[in-house]
Amino acid sequence: MFEITLQETRVYQEAKEEGRQEGLKQALEEIRELGIQQGRELAKLELIPRFLAYGISIEEVARLLHLTIEQVEQLRLATEQESSIST
């Protein structure tokens, strides 16, 4: 009834392994891209207080970092609150 040859089984196993490898490769690429994006966002968070400390306006910081003025203002306030808590 179930007449599967040894060769058909091998082909199936090889195809299955190839699919698994391709899926793993794609998942790793997505994880890498996510890590890069998170690193960029973290860098922006670290740059905002530095730029503001140098006297760069909120508007200019927003333009330089491709953020909205509201985002810069929120991050500035969060940074100020964080630094006041830790001191």
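The values are calculated or read from the model by the stated rules, or taken from the named source; none is laboratory data. Keep in mind it's a predicted model, so treat the numbers as computed, not measured. Backbone-built Cβ (ideal geometry, glycine too); neighbour counts: all protein chains shown.
A few notes on this one:
- Residues in segment 29-44 that are loosely packed, with under 13 Cβ neighbours inside 10 Å and within 20 Å of Ser83 (Cα to Cα): Glu41, Leu42, Ala43.
- Test: Gln21 is out of contact with any Ser or Thr (no Cβ under 7 Å at 6 or more places or on another chain), surrounded by 10 or more Cβ atoms within 10 Å (Cβ to Cβ) and either under 30 Å from Leu75 (Cβ atoms) or of a type in the set (Asp, Glu) (or both): no
- Subset of segment 37-63 that is aliphatic (A, V, I, L, M), in a helix (DSSP H, G or I) and modelled with pLDDT of 95 or more - its residue that is nearest to Arg76 (Cα to Cα): Ile58
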